[in-house]
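One structure is given here, and the rest of the page talks about it.
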Amino acid sequence: MFLTATHSAILIVGIGGSLMFPERLKSLRNQKGVTQDEVANALGVSRATVAGYESGKKREPDYETLRKIADYFSVSTDYLLGRTDDPTPPSDEHLTPEEYDRRVVAALSRSDGYGEPLTKEEIDDILKYIRWTREKHRMEKEKKRDS
Amino acid sequence: MTQLERIWAFADKHCIVNWYDFSSSRINGIYHRVDGQGFIGLSNTISNRPTLIKCTLAEELGHHYTLQSGNYVMPCFSYADQCGLGRCEKRALRWAADYLIDDYEFIHVGQALAKQECLDEITALASIFDVTPMIVQAKMEALETRGML
C-alpha cells in the first residue's frame, strides 16, 4: 500500500490506439502474480473490464482508473501508455498538501496488503494524523529558521 | 542500553517519531514519507507495551529502508489484523526481524526448543526474544529464504 505515480491529463491522449497498454497491463499482472479478479477488486471494476483492458479490443480505462492501475502496480502512467520503457514512477517530490492527501486516501482505500480494508473512519484518522505531522513539522522548521 | 532504547535512538536519527492518539485500536503505528523525510507515528495505545513499541518501530523503519524513493503511507496494524500481508509489509517485517534478532542466536534457541519438544514454538521464541509472533514468523521466513532453516 503506497503512494506513487503522477501523471498529467495530457497523457491520456496516448491511450487511444496504443497496443502497448494491454500488453503492459497483462505483463504487470503476471509479474505481480495476481488474477484479473484481484486487479478488478483493487480498481473497483468488474473482471470483464480488466479482461477487456488486457485484450485491447474494446475497453480503455478512464483517467481515474489509469491512475489507479499505475498506483496498484507501482509504475508510471507513462510506462502503462508505452511512452517509456522505464516503469519507475516519478519521484513525486514537492506534492501539494492537497495532492498528497488525495493520494493518501486513494492508496489507503485499496484493500491489497492487509486482511481487512481500512474503514472510512480509519482513513480519516490517518489523514488527520498526516495533517497534524505536516503542521508540526512546518512549525518546527520555522522555529529553527527563526532561532 | 536496551534493544528498545537502541532502536528508538536509531529511529529518531533517521525519521521523525511522534506519538499520536489514533482512534482505531488496530493501528499500532504508521510510516509515511514526504519529500524524502520519513515520519513514524506510534499509537498512544501501545505506549506502555515496550515489546510492541520495539516491534512497531522496527517494522516502520523497515518501510523506511525497503521502500523505493517517493511519497508513501504505510499503516502498521496490530497482530490480529496482520493476515494476508502484501509484499511491502513482508519486506518491512523481514527487515525488522533481521534488525531485532541475530540469525545464529535464533537458530540456536530454535534448536534447543525443538529438543524440548516445545508445542508452541512461535510463542516461545517471541517470548525469549521479546518480540511479537509476527516478527518470529518473519525471521523464520527470512532464514528459510537464505537456506539457513
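The numbers here are math on the coordinates, done by the rules we state, and not lab data. This one's a predicted model, so the numbers in the text were calculated from it and none came from an experiment. Please note: Cβ atoms are built from the backbone with ideal geometry, for glycine as well, and neighbour counts cover all protein chains shown.
Distance check, please: which entries in A:Lys68/A:Lys136; A:Lys32/A:Lys68; A:Lys26/A:Lys120; A:Lys68/B:Lys90 exceed 19 angstrom between their Cα atoms? With Cα atoms farther than 19 Å apart: A:Lys68/A:Lys136; A:Lys26/A:Lys120; A:Lys68/B:Lys90. Taking the C-alpha atoms only, the angle from helix B:103-115 to the longest principal axis of chain B is near 40 degrees. By other beta-carbon atoms within 10 Å, ranking B:Thr2, B:Thr56, B:Thr45, A:Thr84 with the fewest at the front produces B:Thr2, A:Thr84, B:Thr45, B:Thr56. Computed per residue of chain B from DSSP H runs no shorter than four, each worth -39500 (n - 2.57), the mean residue ellipticity at 222 nm is -16500 deg cm²/dmol. Across all Cα pairs in segment B:108-149, the calculated P(r) in 10 Å bins from zero up to the longest distance comes to 31, 58, 12 percent per bin. Between B:Gln111 and B:Asn18, how high is the FRET efficiency from 1/(1 + (r/R0)^6) when r is the Cβ-Cβ distance and R₀ = 30 Å? Nearest 0.05. Efficiency at R0 = 30 Å is approximately 0.15.
Near A:Val75: Cβ cut-off under 10 Å, other residues only, Lys/Arg at +1 and Asp/Glu at -1. The net charge is -2.
Between the Cα long axis of helix B:133-145 and the first principal axis of chain B there is an angle of about 70°, rounded to the nearest 10.
Annotation for B:Phe10 and A:Glu23: the two label points, set 7 Å from Cα along the Cα-Cβ direction, are 4.5 nm apart.
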